[in-house]
Amino acid sequence: MTDAAAELADAEGAGPPPSGYGRGARILSVGIAATGLFTFLYFAVASHVLGAEAYGEIALLWSILFVVMSVLYRPVEQLLSRTIADRRARGLHSGHPLRVPLALQGGIALGFLAVALAARPQLEDLFGSAALFWIFTGAALAYAASYFARGYFAGHQWFALYGGLVLFESVSRVCFPLAVAVGIASGQTAVALGILAAPLASLLVVPWAIARHSALDADAPPPDPAELTLRAGGGFALAVAGIQLGEQALLNGGVIVADSVADAAVAGAVFNALLITRAPLQLFQAIQTSLLPHLAGLEATEGHAAFSRAIRVTVLAIAGFAAAVALGLLVIGPWVMDVVFGDDTAYGRAGLMIVAVGMGLHLVAGTLNQAALARGRAGAAAAAWLLVAAGFLVWMTLPAVSDVLLRAQVGYAGAAAVLCAVLYALYRRDAAAP
């Protein structure tokens, strides 16, 4: 994975110096790889210190929170990343317009708070306690600042800071179930508090960003006031929100639907199976996070050949990675799941391998999605994600496969395959355009 980042950097000569890009991508790979492992550890320990019902409620809280922060806040992260990278590729290294992204992120956070408070009784019933409601609400608000910082770091290709942010987040989160495991704390609330502490701890890297900001080129031309309007920024953010909603429906929709058609314990089993996807997705986020600003720079300064080469190298890296995961699951997948999550649920080899195939296709779709964003095709990409996600949710409600866990595994892989095909068709059409 880190070799792929370096190869990608060396293959493209545009934008910032390739050596700096490759070094930053490698640092980010390490940070996000550790983040994926710590996130996996958080849920593994939580599943051992809590009963199935209590663990299922935390898995449900995390699933809904991940949907909220990805759909509401990641669009502004992508907006900042693309805008700043595009300006830097054109020689504008300071004075980046932040008023519109700040207004969008602040307004979204306030809107979320209003909706959460209005729906407090329903959310407390869903989560099973008032404590989980307040943890959910506080964490969702804290992630507004965290994702804004991520977008600013990614646009500047400050990948060490980005990696540090997500690493601080995951390390602080896992401390809470570990505290319960060793007897320092006890109960579901103590475990869940890690979900609130994580985004707050991640912001400890912001002072380093402020110091680095003061060192940027002060002689760069000031921004054009009309360069990023609220309408343009809002339109891009809305399209990315649709993309994120579709992606989170694939990752978390199965958990939520499983809770409604079965129970919290089954939802927890579906969540555990899809952690096979979540950990690699977090790990490969190092490539995807660095890919959008890099592609935006290539689109502004280079031609189709350099752009296509970046996509090709990334897809090849994904293919090798997914094959390795699938092979590992074939050999030791069920045993690892029993050791990590206990033997309450039987995880079959076929189902785990299906998830691995879906993970690889999902990663390819994510790469093609970054290409669409860099080329300004966010609206078309959003339509693809939303249509596929809707089909997946409908599949989850149908008894075509009686085993709800297997239904989620098959549905996820099938949806990822369809999504990959649609986004590839969009990519080929854009590549053929003059």
Please specify each residue of the range 94-144 satisfying the condition of being touching a helix residue (DSSP H, G or I) at 6+ places or on another chain (Cβ under 9 Å), polar (S, T, N, Q) and farther than 25 Å from Ala201 by Cα. Ser94
Which condition from (1) modelled with pLDDT of 85 or more; (2) over 23 Å from Leu141 (Cβ atoms) is the one that Ser29 breaks? (1)
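Can you spot a residue in the range 375-391 that is on the phi > 0 side of the Ramachandran plot, at pLDDT below 95 and assigned to a loop (DSSP other than H, G, I, E, B)? Reasoning before the result, please.
If we filter the range 375-391 for residues that are on the phi > 0 side of the Ramachandran plot, which is where we start, we get 376.
Of the ones still in play, those that are also at pLDDT below 95 are 376.
Then keep just the ones that are assigned to a loop (DSSP other than H, G, I, E, B); that gives 376.
The answer is yes; a qualifying residue exists.
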Count of the range 150-173 residues which are farther than 11 Å from Ala201 by Cβ and in contact with a Leu (Cβ under 6 Å, 6 or more places away or on another chain): 7
For the range 174-186, give me each residue that is among the small types (Gly, Ala, Ser) and touching a residue at least 60 places away in the same chain (Cβ under 8 Å). Ala181
Is it the case that Ile287 is out of contact with any Lys or Arg (no Cβ under 8 Å at 6 or more places or on another chain), assigned to a helix (DSSP H, G or I), more than 19 Å from Leu60 (Cα to Cα) and modelled with pLDDT of 65 or more? no
Sole miss for Ala390 among (1) within 21 Å of the chain's Cα centre (by Cα); (2) surrounded by 22 or more Cβ atoms within 10 Å (Cβ to Cβ); (3) within 24 Å of Ile256 (Cα to Cα) is condition (2)
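Which of the residues belonging to the range 122-166 are of a type outside the set (Gly, Ala, Ser) and not in a helix (DSSP H, G or I)?
Keep residues of the range 122-166 that are of a type outside the set (Gly, Ala, Ser), which gives 122-127, 132-137, 141, 143, 147-148, 150, 152-153, 156-159, 161-162, 165-166.
The answer is Gln157, Trp158.
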Check the range 332-345 and report whether any residue there is out of contact with any strand residue (DSSP E or B) (no Cβ under 8 Å at 6 or more places or on another chain), at pLDDT 85 or above and not aromatic (Phe, Trp, Tyr). no
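Yes/no per residue for (1) within 18 Å of Leu405 (Cβ to Cβ); (2) among the polar types (S, T, N, Q):
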position	(1), (2)
Pro334	yes, no
Val340	yes, no
Arg349	yes, no
Gly358	yes, no
Asn369	no, yes
Leu373	no, no
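With respect to Ala371, is the statement that it is farther than 18 Å from Ala249 by Cβ and in a helix (DSSP H, G or I) true?
Details: farther than 18 Å from Ala249 by Cβ: yes; in a helix (DSSP H, G or I): yes.
Yes.
Return yes or no: is Val401 over 19 Å from Leu245 (Cβ atoms) and in contact with a Cys (Cβ under 8 Å, 6 or more places away or on another chain)? It would help to see each step written out before you state the result.
Numbers: over 19 Å from Leu245 (Cβ atoms): yes; in contact with a Cys (Cβ under 8 Å, 6 or more places away or on another chain): no.
Judged against the criteria, Val401 is not a match.
Please work out if Ala421 is part of a loop (DSSP other than H, G, I, E, B) and either closer than 19 Å to Arg377 by Cα or modelled with pLDDT under 90 (or both). Spell out how you get there, then give the answer.
Details: part of a loop (DSSP other than H, G, I, E, B): no; either closer than 19 Å to Arg377 by Cα or modelled with pLDDT under 90 (or both): yes.
When the stated conditions are applied, Ala421 does not pass them.
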Got a sec? Which of Arg82, Arg23 is basic (Lys, Arg), in a helix (DSSP H, G or I) and modelled with pLDDT under 65? Arg23
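Which ones in the range 51-82 are among the charged types (D, E, K, R) and within 21 Å of Ile243 (Cα to Cα)?
Let us first name the residues in the range 51-82 that are among the charged types (D, E, K, R), namely 53, 57, 74, 77, 82.
Correct list: Arg74, Glu77, Arg82.
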Within the bounds of the range 398-415, is there any residue that is more than 19 Å from Gly351 (Cβ to Cβ), modelled with pLDDT under 90 and over 23 Å from the mean Cα position of the chain (by Cα)? no
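Listed here are the residues, each with its yes/no results for (1) modelled with pLDDT of 75 or more; (2) touching a Pro at 6+ places or on another chain (Cβ under 8 Å); (3) under 27 Å from Gly348 (Cα atoms).
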residue: Ala209; (1), (2), (3): no, no, no
residue: Pro222; (1), (2), (3): no, no, no
residue: Ala237; (1), (2), (3): yes, yes, no
residue: Gly242; (1), (2), (3): yes, no, no
residue: Ala249; (1), (2), (3): yes, no, yes
residue: Gly253; (1), (2), (3): yes, no, yes
residue: Val257; (1), (2), (3): yes, no, yes
residue: Ala269; (1), (2), (3): yes, no, yes
residue: Leu283; (1), (2), (3): no, no, yes
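The values are calculated or read from the model by the stated rules, or taken from the named source; none is laboratory data. These numbers were taken from a predicted model, which means no experiment stands behind them. Please note: Cβ atoms are built from the backbone with ideal geometry, for glycine as well, and neighbour counts cover all protein chains shown.
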